[in-house]
Amino acid sequence: DAGITQSPRYKITETGRQVTLMCHQTWSHSYMFWYRQDLGHGLRLIYYSAAADITDKGEVSDGYVVSRSKTENFPLTLESATRSQTSVYFCASRTQGSMGNEQFFGPGTRLTVL
Amino acid sequence: AQKITQTQPGMFVQEKEAVTLDCTYDTSDPSYGLFWYKQPSSGEMIFLIYQGSYDQQNATEGRYSLNFQKARKSANLVISASQLGDSAMYFCAMNPNDYKLSFGAGTTVTVRA
């Protein structure tokens with residue numbers, strides 16, 4: 001299906017485990033983003049990528065790692081999950097060009113760290 | 001760092017009435033973009049409207065309009081003729097001359113029949 005998908009949609013893990021959240025988009029958008037959503041904070045940027053093999057940290061990157069070997073995929077890895085990383089994670093993508101081009105969001109992944 | 005402030009955690013509005021959601025921002029960049037997104041209870045993020053800092057006119061998209069006051073650094077969203085389906089969380093966001101978005105904390109709107 002065309003669009004932006006995330007998997008898994010729900011994940012429960014334990015403190016200290018490694019977790020990878022997947023994001024896939026079919027539009028060949030250059031830019032991809034990972035956000036986390038917590039009550040009272042809106043969405044906060046974790047990492048972003050301007051193109052394959054180009055990534056950069058966002059506002060809340062500690063404890064997270066990303067990679068982007070292919071334009072369409074942008075996985076987010078929690079190297080050693082902590083309870084504070086319990087959140088809803090959104091992936092997004094957009095084209096280059098006008099600053100006004102919207103970001104398209106995936107459906108989100110709800111992660112619980114016990 | 002860019003800062004977006006939404007001072008209204010929650011609002012109630014009567015069906016068919018208009019509602020204004022406040023958003024103020026802080027940036028030193030002369031070129032920036034302002035966005036509003038809607039998040040219904042199902043959780044997806046839906047783009048509503050965009051305003052560029054150099055746009056002379058306020059943006060409008062159907063029942064949504066953006067009241068842009070550049071000198072006051074405010075970008076309020078106006079929803080006219082509210083419908084029950086407008087009940088959702090609304091986020092104001094800004095990208096200061098790049099592609100990254102900074103979001104406000106959001107405002108929950110509940111439309112009453």
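The values are calculated or read from the model by the stated rules, or taken from the named source; none is laboratory data. Given the structure is predicted, the values throughout are model-derived calculations rather than measurements. For neighbour counting, all protein chains shown are included, and Cβ atoms are generated from backbone atoms with ideal geometry for every residue, glycine included.
General observations
- Out of B:Ala81, B:Ala88, B:Ala59, one residue alone is touching a Pro at 6+ places or on another chain (Cβ under 6 Å) and either among the aliphatic types (A, V, I, L, M) or at pLDDT 95 or above (or both). It is B:Ala88.
- In segment B:104-113, residue farthest from the other protein chains (Cβ to nearest Cβ) [restricted to those that are more than 10 Å from the chain's Cα centre (by Cα) and outside any loop (DSSP other than H, G, I, E, B)]: B:Arg112
- Taking segment A:34-43 as the range and being facing another protein chain (nearest Cβ under 7 Å) and surrounded by 16 or more Cβ atoms within 10 Å (Cβ to Cβ) as the test, the residues that pass are A:Gly42, A:Leu43.
- Checked against the criterion of being away from chain A (no Cβ under 14 Å) and free of Cβ contacts under 8 Å to residues at least 40 places away in the same chain, segment B:45-57 contains one or more residues that satisfy it.
- Single unsatisfied condition, A:Ala50 versus (1) within 13 Å of chain B (Cβ to nearest Cβ); (2) at pLDDT below 95; (3) not in a strand (DSSP E or B): (3)
- The set of residues in segment B:12-33 being modelled with pLDDT of 95 or more and not hydroxyl-bearing (Ser, Thr, Tyr) consists of B:Phe12, B:Val13, B:Gln14, B:Glu15, B:Lys16, B:Glu17, B:Ala18, B:Val19, B:Leu21, B:Asp22, B:Cys23.
- Only a single item in (1) free of Cβ contacts under 8 Å to residues at least 60 places away in the same chain; (2) closer than 17 Å to B:Thr27 by Cβ; (3) hydroxyl-bearing (Ser, Thr, Tyr) is not met by B:Ser102, and it is number (1).
- Total residues in segment A:61-106, condition outside any strand (DSSP E or B), surrounded by 14 or more Cβ atoms within 10 Å (Cβ to Cβ) and touching a Gly at 6+ places or on another chain (Cβ under 7 Å): 4
- Of the residues making up segment A:90-108, those that are closer than 17 Å to A:Gly3 by Cβ and touching a residue at least 24 places away in the same chain (Cβ under 8 Å) are A:Phe90, A:Cys91, A:Ala92, A:Ser93, A:Arg94, A:Thr95, A:Gln103, A:Phe104, A:Phe105, A:Gly106, A:Pro107, A:Gly108.
- Those residues of segment B:100-113 which are of a type in the set (S, T, N, Q) and buried (at least 20 other Cβ atoms within 10 Å of the Cβ), in sequence order: B:Ser102, B:Thr107
- Segment A:1-33: number of residues that are outside any strand (DSSP E or B), among the aliphatic types (A, V, I, L, M) and surrounded by 13 or more Cβ atoms within 10 Å (Cβ to Cβ): 0
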